[in-house]
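I have placed the structure first, in the form of C-alpha cells, so that the comments after it can refer back to it.
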Amino acid sequence: MSTPFDATPILRAVAARRHARLVAMDPAATQQALLLGLVRRAAATRFGRDHGFDAIRSVGDFQRAVPLRRYEALHDAYLAPALPVLEDVLWPGRTPYLALSSGTTSGRTKHIPVTREMVRANRGAAFDVLAWHLAQHPRARPFGGLSFILGGSTDLTQVAPGVRAGDLSGIAAVEVPWFLRRWAWPPERIALMPDWDAKLVALAAEAPVRDIRTLSGTPSWLLVLLERLAVKHGMPPLPALELLIHGGVAWAPYRDRLAPFLPPGCATREVYPASEGFIAIADRGEGEGMRLCLDRGCFFEFVPVEELDAPNPTRHWAATIETGVEYAVIVSSCAGLFGYVLGDTVRFPDRAPRLLVTGRTSWTLSAFGEHLAGEEIEAALMTAAGACGIAVMEYLVGPEFLGSAGRHRWCVEAQGACDPAVLAAHLDAALRAENDDYAAHRDGAQLAAPEVVLVAPGAFAAWMRAQGKLGGQHKVPRVIADPTRFAAAAAALSDPGRAPRPN
C-alpha cells in the first residue's frame, strides 16, 4: 500500500475553525436547539405520534411527554413488533443498520438502531477528536500517514432489504467516505473478517507499521495487537505513531502497560463512544475528563443515580447539571432513541460540560472489554453451582491482570463440597454461552480461564463485620472492578484475620 499524500495542512485549517466553534459553543442553547430539531424530524413516526411531539416546544415539554426507558422497555414496545425493519417507527424512513450489542437482561443481544444521520454524526465526532488534538499539538501530522482503526469482528449480515446488522465498528468500516479511504487502514477485506484470531494474524502480518500515524481502539485489544506487532517488528512497533485514541474500558489499568509500545511524543486521547451515539471526547489532558459532544446528534439528560427508578426522577441537562453528583446518562438521538437510559454513570468535574465516567447503573465486569452484566454474572454462577451440586451463599468476583492478559477471580462461599477447578470450568462454559463478548475475549486468549477460591464458612460475614458494614442496610458487593481494591478484598476473604478494621 502506497503512503498517501500529507493532507494535514488542509485538515489543520478546517480543524482550527471547528475548534473555535467548539470553544465558543453555548452548551444549553446548542443542546436545546438540537433536541427540538430531533423532535420535529420524528414527529410523524410512531414514537412521535405516541408522545405528542407536535406539541413539544421546550426541554421541559419533552421531559413531561417522554418517560425514561431502558432497552428492555423500548424493545417490547417499539422494536420487537417491527424488527428487523424499522420503518417510521422511531425515526423517519427505514433504519439501515442495527448495531448488535450483548449483555442485556432480556437476552444475549441488543439491536440498537443506527440511522444515516447517526453515521454522519459519529463521523463528525471523529473529526472533533482530531480538532481537539491539533489544538493541543499544532505540529502533529495525523494525515501524514495512515489511521489504523482496530475494530471488532465487523462482518455485517443482511437481515432485511436495506437493513444490515452487526458490530458498530463494522458499520463504521463500510461507511468510511471514499475520499478518506486512502488514509484508512485496515482495508475492508481485513476489517470485515469475522474470525478474530485470523484477523489478528492478518493485522500483524500486513500492517504498514512505518506509515501509521493514528491508532484507535479498546485498550485491552490494543495491547494484544501491539504485543504481536512488537514480536514481528521490534520496539516501538509503530515508530511514526503520533496519537493513540482509546475508549470502551478504563484506561488506568492499561496506561503503564501500553506505554513501552508507544514512540516518544505519542499522545493519548480518551473518547466515549457507544452504540447509541458518540457521547464525549477528551479536550484537555489525561484524567481531566471528556467534553460532551453537544451538536453531534445526541441530546443528553442526567438523572441522579439514586433517583433513576423513582416515579418522577429529576432530569438535568446541560443548563442544570451540578458538579460532583453521580448521574445516570440518558440519551435522545437522531437514531430515534428518546429518553433512553444508556446504563453508564458519570460525574461532572466542571460545567463545561466535561465528564468522568464512573461506572454502570448496574454492577458489571468489563476490565478487559468483556461487558458482563450483573445478571449474567449471577446466572452463570447459579448454573455452575447447580452443575456441581452446591448452593452459593455469598460471592465476589473481580479482575486480575496477568501480563498482557487477565482473568476473573471468584471468591465463593458455598454449602456443599466441590472441586473449585470444576466449578471454574462450569462458570467459564456458562459465561461463554451467556455473553458473546466474553466468548470472543476467551477465544482471543486475552482473557484467561477464571479461577475460583472457595472461602471458609462465615468469611463474608467476618469481612463485612471488620468494615463495620454487617447488617441489613449493608449489602455484600458482588463485583469489585478495581483490581487493587479487589485484591485486598480477596485476600481478606481468604484469610479473615487480614481483613481491615473500620476507621
Would you be so kind as to identify which of 448, 353, 493 lies farthest towards the positive end of the dipole of the chain, taking Lys and Arg as +1 and Asp and Glu as -1 on Cβ and the Cα centre as origin?
-> 353
Take 482, 428 and sort them by solvent-accessible surface of the protein heavy atoms, 1.4 Å probe, largest at the top.
-> 482, 428
For the range 1-57, report the accessible area per residue in Å² (1.4 Å probe, heavy atoms, rounded to an integer).
-> 56
What's the local net charge at residue 331, with K and R +1, D and E -1, over the other residues with C-beta under 9 Å away?
-> -2
Per DSSP, loop chymotrypsin sites (Phe, Trp or Tyr not before Pro) in the range 1-73 with at most 12 further Cβ within 10 Å = 5
Please provide three numbers in whole Å: the alpha-carbon extents of the range 285-366 along the principal axes, with the largest listed first.
-> 37, 28, 28
In units of 2.2 N^0.38 Å, what is the alpha-carbon radius of gyration of the chain?
-> 1.00
Pick out, from 24, 142, 81, the residue whose Cα sits farthest towards the positive end of the charge dipole of the range 1-148, with +1 on the Cβ of Lys and Arg and -1 on the Cβ of Asp and Glu.
-> 142
Using Cα centres only, tell me the gap between the range 385-421 and the range 26-83 in whole Å.
-> 43
Using heavy-atom solvent-accessible surface (probe 1.4 Å) with all chains present, what is the largest-first order of 232, 110?
-> 232, 110
Applying the gyration tensor rule to the Cα atoms of the range 134-215 (axes a ≥ b ≥ c; rounded if a/c under 1.5, else prolate if a/b exceeds b/c, else oblate), the class is oblate
Report, to the nearest whole %, how much of the accessible area of the range 306-412 belongs to carbon and sulfur atoms, 1.4 Å probe, protein only.
-> 48
Partnerless cysteines, meaning none of the other Cys C-beta atoms lie under 4.7 Å away, in the chain = 266, 293, 298, 334, 411
Please report the Cα spread of the range 85-236 along all three principal axes, rounded to whole Å, starting with the longest.
-> 51, 36, 29
10 Å beta-carbon shell around residue 175, net charge (K/R +1, D/E -1) = +3
Calculated Rg and Dmax of the range 15-130 using C-alpha coordinates, Å = 16.3, 46
Using the eigenvalues of the Cα gyration tensor, what equivalent ellipsoid semi-axes result for the range 152-302 when each is taken as the square root of five times the eigenvalue, whole Å, largest first?
-> 25, 23, 14
Rounded if a/c is under 1.5, else prolate if a/b is larger than b/c, else oblate: which is the range 284-422, with a ≥ b ≥ c the root eigenvalues of its Cα gyration tensor?
-> prolate
Residues of the range 178-281: accessible area per residue at 1.4 Å, in Å²?
-> 40
Using only helices, what value at 222 nm comes out for the chain when you add -39,500 (n - 2.57) per DSSP H run of length 4 or more and divide by the total residues, to the nearest 500 deg cm²/dmol?
-> -10000 deg cm²/dmol
Within the accessible area of the range 155-284, what % is carbon and sulfur when the probe is 1.4 Å and the other protein chains stay in place?
-> 56
Report the label-to-label distance for residue 13 and residue 467 in nanometres (one decimal), using points 7 Å from each Cα along the Cα→Cβ vector.
-> 5.9
How would 193, 464, 393 rank on accessible area, largest to smallest, probe 1.4 Å?
-> 393, 193, 464
Figure the gain on full extension for residue 256 and residue 235 (residue separation times 0.36 nm, minus the Cα-Cα span) and round it to one decimal in nm.
-> 6.0 nm
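The values are calculated or read from the model by the stated rules, or taken from the named source; none is laboratory data. Computed from a predicted structure; not experimentally measured. Please note: Cβ atoms are built from the backbone with ideal geometry, for glycine as well, and neighbour counts cover all protein chains shown. Note: accessible area is taken over every heavy atom of the protein model, side chains too, but ligands, DNA and RNA are not part of it. Shrake-Rupley method; radii C 1.70, N 1.55, O 1.52, S 1.80 Å.
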